[in-house]
Every structure is written in structure tokens, then in C-alpha cells.
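Since the structure comes first, as C-alpha cells, the remarks are kept for the end.
Coordinate-derived values only; no laboratory data. The model shown is predicted, which means the values in this text are computed figures rather than measured ones. Because the Cβ atoms are built from the backbone with ideal geometry, glycine has one as well, and the counts that use them run over all protein chains shown.
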Amino acid sequence: MYTREEASQLRQKFWTTFGQYMAPVLSAEGWRVNWINYNTRLKHVYFRMQADKKEASIAIEITHQDPELQELFFEQFLALKTLLHDTLGETWNWELHGTDELGKTVSRIYTELKPVNVFNKEDWPQLISFFKPRIIALDAFWNDAQYSFEALR
């Protein structure tokens with residue numbers, strides 16, 4: 001087992017490695033982008049990648065504090081479900097009003113990879129191969145879909 005400090009350093013090293021791997025990849029608009037902290041430019045909507053000792057996930061997270069407004073964002077994504085799944089080339093899971101690790105209500109559209117362990121460097125190629133095409137596809141989707149959310153800004 002790792003100490004908390006060692007685990008933090010190893011996790012940080014993975015994300016740094018992934019960021020360096022993704023650095024040459026331009027966005028759908030041809031811009032440099034911080035893939036790890038992708039900016040949707042829409043408050044309360046985030047693209048999140050997570051990895052721990054059991055699994056990895058990539059998600060669109062809607063974090064608005066008002067459950068009704070959170071549901072409006074979710075419904076807008078539902079209207080774009082076919083475009084999203086076509087762009088991703090796969091079907092993702094849809095969860096309205098779930099709970100995050102801090103107990104806050106969030107809605108998520110996500111997919112997972114199990115079993116993988118971010119603390120096992122032998123799993124890093126699999127993790128990178130999981131995250132890379134999906135975050136690029138999310139960017140391509142968002143390049144077209146973001147305008148559908150103008151009324152919710």
C-alpha cells in the first residue's frame with residue numbers, strides 16, 4: 001500500500017503524463033486546450049476524468065445547486081443524446097440527480113473502465129487509451145452542441 005503522500009504523487013504523475021501525451025492534440029476548433037481541466041465555458045457543466053485503484057471514468061457532470069435547473073441542463077443533453085452517442089461512437093450511462101463523493105446532488109452522463117488501477121503504471125497505457133479518444137470526442141461534440149445551451153447561460 002501507498003501512503004497518502006505517495007498515492008497523491010503517483011496520481012499526479014499519471015495526470016501529468018496524460019497531459020503531456022495530450023499536449024500536441026488540438027481541439028476541434030484547432031486550438032490548444034487543457035484536456036485535463038477542459039473548460040466548457042458553461043457554468044455548472046464539466047467534463048471530468050477520474051481514476052482510482054479500481055476503475056476509471058469520464059463524464060459530463062452537471063452540478064447546478066438548484067435541482068430543477070440541473071434537470072433543465074440534463075434535458076438539454078437528452079435532446080442531444082443521438083448526436084452525443086454518434087460522436088462518441090458508443091452509448092454512455094445517464095444519471096439524473098445522483099450523489100457525488102461529497103454528498104452533493106449532481107447529474108452525470110458517463111462511462112467507466114473496470115478493473116484498472118491508476119497506481120499500477122502497467123495500467124497507464126490502458127487508461128490513456130480509454131481517456132484520449134473519449135475526451136477528444138467530447139470536445140468534438142461540444143464544438144457543435146454548446147450553442148444549444150445559450151438560453152441556460
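If one computes P(r) from the Cα atoms of the stretch 4-152, what percent of pairs lie at distances over 19 Å?
Taking all Cα-Cα pairs of the stretch 4-152, the fraction more than 19 Å apart is 54 percent.
Among the trypsin sites (Lys or Arg not before Pro) in the stretch 31-102, those located in a DSSP loop and surrounded by at most 16 other Cβ atoms within 10 Å of their own Cβ are Arg32, Arg41, Lys43, Lys53, Lys54.
Across the stretch 4-152, the mean sequence separation of Cα contacts (distance under 8 Å, 6 or more residues apart), normalised by length, yields a relative contact order of 26 percent. When all alpha carbon pairs of the stretch 75-140 are counted in 5 Å bins from zero, the resulting P(r) reads 4, 14, 20, 19, 20, 16, 6, 1 %. Relative to the dominant Cα principal axis of the chain, helix 124-145 is inclined by about 20°. Considering only GluC sites (Glu not before Pro) in DSSP loops that have at most 14 other Cβ atoms within 10 Å, the longest stretch of the chain without any of them is 102-153. If you average the C-alpha positions of the stretch 48-77 and of the stretch 1-31 separately, how far apart do those two centres end up, in angstrom? Here the two parts' Cα centres lie 21 Å apart.
Distance between the 7 Å Cα→Cβ label points at Gln146 and Glu71: 2.9 nm. Between the Cα long axis of helix 67-79 and the first principal axis of the chain there is an angle of about 90°, rounded to the nearest 10.
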